[in-house]
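Presented below is the structure to which this report refers.
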Amino acid sequence: MSSKRLTLLSKTWPRRFWGLIVLSLCFSTLVNGQTSAVKLPMNDSLVETSVGTPGCSAERPFPKSDMPAGRSSDQDEPSTASLFAANDSTIGTSYTTGLPVAATRHVVNGKLFKWHWDGYSNNLLLELKEPGHREGSFRNRGSLNMVDMKTKRVEWSRPTNFNSSETKLMGEYCFHAERKTNHRLHPETGEVMWKNRNEFYFIDPMLQIGVGYPLQSLSNTLTAVDLTTGKELWKKKVNRQSGWDDAYMLNDNTLLISVDGIHAINLTNGRGWRYKASTSHKEIGKMIGFNAINVIFALLFDVYFWQNEPNAYSDMVSNMLIDPHENIILASKDRITKVDRSGKVQWSTPLPEKKTSKSSIFLIGSRIFMINRGHALYNRGFTTKGTPYFAAFELQSGKRLFLETITQNNEFIHTFQAVNDQLFVAFEGRIAAFSLSDGSKLTEKPLALHDGESLDQFIHSGMYLQGERGEEMNGKGIGNGKENGQGNGRENSKEGEVSHGNKNRRGDGKVKQPRFRELSSDYPNHNFITTSKGRLFVLTDDLDIVRVYDKADLYHEMTGNGRFTLLLNNGMDFTVIDDSAAPVGTIKASEELFINGEMLYFFDKDSFWEVDLTQFDQPLPLWHSIFKNLSRYMPAG
């Protein structure tokens, strides 16, 4: 390099360097939101107050096209011109930046009838209904639209009639059934790969085989289909009158179906075995008597009623339980049976038929435990049936160890859980505890519920509280002192310290939000049960009430991506926490949502919303941002 060139660089580089610093400073400030010029006031006119109603935002339509609807003017591919209008809006606040959380609302032309996502790709399938003649009305015809979530381009679109069609996305397989024909659509192009007459009940993605029954038919012929070609592989009779009770893979090739017993079917060739069990009861005698009486009425009064089908109880069966040696255990309405993987009955133990109904079975060590729930289906509707009881059997021999009636009242078991050596059973308003060793009742207590409230389910995880233990204001403690979670909020104050109501304010002026914690961390050895009105009881193993939390105190984990988790406190208000359970923001959204990478998507009746979760990242320090940006322009050493 010449000396003249060196002199020129020495004169111009300082000016370029300081210019880059100024440019980077401006850039960093804009990115991190550290200038008041870009801060927006978070007031009621700006923040979204309801899903589907944008705040103060300007509509940003996609570029118009002179091409027909669904085609782009510059290339022969679908576009978003006729499908979406995009609104930039705000839906909450980021605590890390102090700025509003931006969202883009993609409004469809019509009604968003259904949406489908396969759980991993960038393809979003939307079913859209066309607007009707009257305002607010929609036709039963419309279109299927596959949208690339990154580019928002419509990859393909096809018309559909919602009166006579149904669309399903089952993993990577997209099926569109119209009348008696089921089409497999290519997810990237929308082209029909093949078609046949079967509606699929089960798909094995490894073998690429689906099994199902003919569309719009009462046929009980189960057909297997090669999902790559649409070719039928085999057929066999499997009853589906009341639906399948249970189904899953026993091993790499064998599908187990629980219907009138057990069907074990090799998916590749249709071979297998069947164990028959009685899981329903038809009231044929009552039907005959009813019709006989009506014959007499017809002769006397020339008026009669006729019953063609008997009333029937069904769903009097347990889940299928598979032991470590691939033996299958099933309880029906009159016996519990163990069958090996070849279909040979190992043992069968009778059950009290008048008491037995819907049941649940589980394995602990060498014992099978059975909970008879006390309900069934009557003409496909829920009804109480039988008597709840608790039983245990030896896994190897089937010997009954005990069978204890839980209640004689006309009630059913709402939920249960087995913890350590105890079984907890919940009815509408009371809980009972039983010993797993001999089935004896240990204790039973009613819970104080509100009018119309009932016990719902036991939970173990996914429930959060905000603040340090003892800071919740609405939780109702039973008893007194720290043990029950009560306190006056001053127990941790140092002597001479005075609170002025701003203890959560940081030095930078931002309000420090209390951290969240999972409920189980406060009560690691307790039991939790929710109610139909959203309250939660914390109970000891002796069923003593430690604490009752109101619905407003509880935050439910809805979804997350490893870095951020969304907690729901009511129907729309979400709190975003990071991986340390620190709150990083709040948003308003619907419960129909999912996270794909760093993007959150949620849906309402006529749009889907997109939120970039990196808005909740901690901003980089100012000088760190400056030198990070400068490093891209510095000459290589």
Explain nothing, just compute: Karplus ³J(HN,Hα) = 6.51 cos²θ - 1.76 cosθ + 1.60, θ = phi - 60°, for every residue of the stretch 404-415 in order, whole Hz, x for Gly and Pro. 10, 5, 8, 8, 9, 6, 7, 9, 10, 7, 7, 7
Using only Cα positions of the stretch 525-629, each an equal point scatterer, no hydration layer, compute I(q)/I(0) via Debye at q = 0.14, 0.15 Å⁻¹ and quote the log10 values to two decimals. -0.70, -0.77
By how many nm would the segment from SER242 to GLU598 grow when fully extended, if each residue of separation counts as 0.36 nm and the alpha-carbon distance is taken off? 123.9 nm
Per-residue HN-Hα couplings for the stretch 595-605 [Karplus 6.51, -1.76, 1.60; θ = phi - 60°; Hz; x = Gly/Pro]: 10, 10, x, 9, 10, 9, 10, 9, 9, 10, 5
Any idea what log10 I(q)/I(0) is at q = 0.12, 0.16, 0.20 Å⁻¹ for the stretch 78-139, Debye with uniform C-alpha scatterers and no solvent? -0.47, -0.75, -0.95
Where in the stretch 389-424 is the amide nitrogen less than 15 Å from a point lying 7 Å along the Cα-to-Cβ axis of ILE364? 390-395, 401-404, 416-424
Once amide H atoms are placed 1.01 Å from N in the peptide plane, what residues at a sequence separation of 5 or more from ARG139, or on another chain, have their amide H within under 5 Å of its amide H? GLU130, GLY132
5 Å is the cut-off here: which amide hydrogens, built 1.01 Å from N in the peptide plane, fall below it relative to CYS174, excluding neighbours closer than 5 in sequence? LEU185
Of LYS385/LYS441; LYS282/LYS385; LYS236/LYS344; LYS333/LYS354; LYS385/LYS445, which sit over 18 Å apart, Cα to Cα? LYS385/LYS441; LYS236/LYS344; LYS385/LYS445
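Read the figures in this text as sums done on the coordinates, not as results from a lab. From a predicted model like this one, the values you see are computed outputs, not experimental measurements. Note that each Cβ is placed from the backbone with ideal geometry, even for glycine, and that neighbours are counted across all protein chains shown.
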